[in-house]
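The values are calculated or read from the model by the stated rules, or taken from the named source; none is laboratory data. Predicted, not measured: the structure shown is a model, and the values here were computed from it. A quick note on method: Cβ atoms are made from the backbone with ideal geometry, for glycine too, and the neighbour counts reach across all protein chains shown. Remember, those area values only see protein heavy atoms, side chains included, never the ligands or the DNA or RNA. Shrake-Rupley method; radii C 1.70, N 1.55, O 1.52, S 1.80 Å.
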Amino acid sequence: MEPARHRISLPRIDGFIVAIVIAVIVATLFPVGGVAAGWFDLGVKIAIAVLFFMYGGRLAPREALAGLRHWRLHCVILAFTFVVFPVLGLAMRALEGWLLPPVLMSGMLYLCAIPSTVQSSITFTSIAKGNVAGAIVSASVSNLAGVFLTPIIVVLTMSSAGKTTFDLSQVGDLCLQILLPFLAGQLSRRWTAAWLARNNAWLKLVDRGIIVAVVYSAFSRGMREHMWVMVSPRDMLMLVLVALVLLAFMLWLTAAVARRLGFSRADQIAVQFCGTKKSLATGLPMALVLFPGQAVGLLVLPIMVFHQAQLMACSVLAQRYSREPPEPGGGSR
């Protein structure tokens, strides 16, 4: 046996996360304030609208609907994303107070409401020799559905828990900054889809730049509201622990349920990698719209912790699966 074939390379730290951490540090030391804060927040609102316009322009609903023929796979993945995760979030409310402070528990509830990632779900499924076509459809449908389902789940879980309230102004902001730009992007695909695809490389940097600006805006607002006095180093340690336990449980549960339902190995991999992910790129900008005037900086901390943990864990799993022999017969059931 050749030891080199079984060597597991350490996952690299995501440069996107590094940029976000730098934005947090800069916002902590040099938060934008005064008149400049108003203009910066306005710019971020416009940037969020542009971001969701591009999301809408990139998603091809016709291809997604055509791929829904493997409906059992997609229903299972969507159930993990929009049913199992929120239920677990509600169950974790028992940890509030003695393990997590209310603001971080709100962040965990919000984490459980957001859709799956697209790029990393597909990438890891491909590396692991899973059902890439199924991952593409499920991840795309998850983001498409999340634009509508995430606000509903937030109302059902966080409002019932007394964590947030919704009023007509928030509904208006949601429509103006997220829903309408997303729908406009979908309707514009005839003219914009090819251009977005050709320029994907630098537009990806624009996407990430907008997210970094969102983080800076959120944490600047939090500094103006003295957010760091609301949590202690112990709270941060407990947050990391809870996020890791949640991720480990979901990785086990998705694999176990997929096997129990008789899915092929390729489909099991797609279920595990798509059903456990949570999208930082969608969750952060939506938070600014859904929770105006709240300590958004601390609210999105669980998403940032969970995002880095899921990248590292799935990187190791994908490498391990890639070395396993293919399933006899292959294919999906």
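Among what's in region 273-292 and is open to solvent by 10 Å² or more (accessible area, probe 1.4 Å) and in a helix (DSSP H, G or I), pick the residue that is nearest to SER322 (Cα to Cα). By that ranking, first place goes to ALA281.
Filter region 22-41 for residues that are farther than 14 Å from VAL212 by Cβ, in a helix (DSSP H, G or I), touching a residue at least 24 places away in the same chain (Cβ under 8 Å) and not acidic (Asp, Glu) and give the result.
Those that are farther than 14 Å from VAL212 by Cβ, in a helix (DSSP H, G or I), touching a residue at least 24 places away in the same chain (Cβ under 8 Å) and not acidic (Asp, Glu): THR28, ALA37.
Determine whether region 119-129 contains at least one residue that is out of contact with any strand residue (DSSP E or B) (no Cβ under 7 Å at 6 or more places or on another chain), under 24 Å from PHE291 (Cβ atoms) and assigned to a helix (DSSP H, G or I). Looking through region 119-129, none of the residues is out of contact with any strand residue (DSSP E or B) (no Cβ under 7 Å at 6 or more places or on another chain), under 24 Å from PHE291 (Cβ atoms) and assigned to a helix (DSSP H, G or I). Kindly evaluate ASP267 against the criterion of being touching a Pro at 6+ places or on another chain (Cβ under 7 Å) and either among the hydroxyl-bearing types (Ser, Thr, Tyr) or assigned to a helix (DSSP H, G or I) (or both). Judged against the criteria, ASP267 is not a match.
Taking region 247-267 as the range and being within 15 Å of ASN131 (Cα to Cα), touching a residue at least 24 places away in the same chain (Cβ under 8 Å) and either of a type in the set (Asp, Glu) or surrounded by fewer than 18 Cβ atoms within 10 Å (Cβ to Cβ) (or both) as the test, the residues that pass are GLY262, ASP267. Does any residue of region 204-217 turn out to be part of a helix (DSSP H, G or I), exposed (fewer than 13 other Cβ atoms within 10 Å of the Cβ), over 20 Å from the mean Cα position of the chain (by Cα) and modelled with pLDDT of 85 or more? No - not one qualifying residue is present in region 204-217.
Quick one: is SER126 open to solvent by less than 60 Å² (accessible area, probe 1.4 Å) and in contact with a helix residue (DSSP H, G or I) (Cβ under 6 Å, 6 or more places away or on another chain)? Against the criterion (open to solvent by less than 60 Å² (accessible area, probe 1.4 Å) and in contact with a helix residue (DSSP H, G or I) (Cβ under 6 Å, 6 or more places away or on another chain)), SER126 does not qualify.
Test SER121 against the stated conditions and say whether it is of a type in the set (Ser, Thr, Tyr) and buried (at least 20 other Cβ atoms within 10 Å of the Cβ).
Numbers: of a type in the set (Ser, Thr, Tyr): yes; buried (at least 20 other Cβ atoms within 10 Å of the Cβ): yes.
Criteria met by SER121.
What tally of residues in region 90-109 results from selecting those that are buried (at least 22 other Cβ atoms within 10 Å of the Cβ), assigned to a helix (DSSP H, G or I) and not hydroxyl-bearing (Ser, Thr, Tyr)?
Keep residues of region 90-109 that are buried (at least 22 other Cβ atoms within 10 Å of the Cβ), which gives 100, 104-109.
Subsequent filtering for residues that are assigned to a helix (DSSP H, G or I) retains 104-109.
Adding the requirement that they be not hydroxyl-bearing (Ser, Thr, Tyr) leaves 104-105, 107-109.
Looking only at that region, the number is 5.
On the stretch given as region 219-246, residues that are within 16 Å of MET105 (Cα to Cα), assigned to a helix (DSSP H, G or I), out of contact with any Phe, Trp or Tyr (no Cβ under 6 Å at 6 or more places or on another chain) and open to solvent by less than 50 Å² (accessible area, probe 1.4 Å) total 6. The sole residue among PHE148, PHE80, PHE124 that is aromatic (Phe, Trp, Tyr) and free of Cβ contacts under 8 Å to residues at least 60 places away in the same chain is PHE148.
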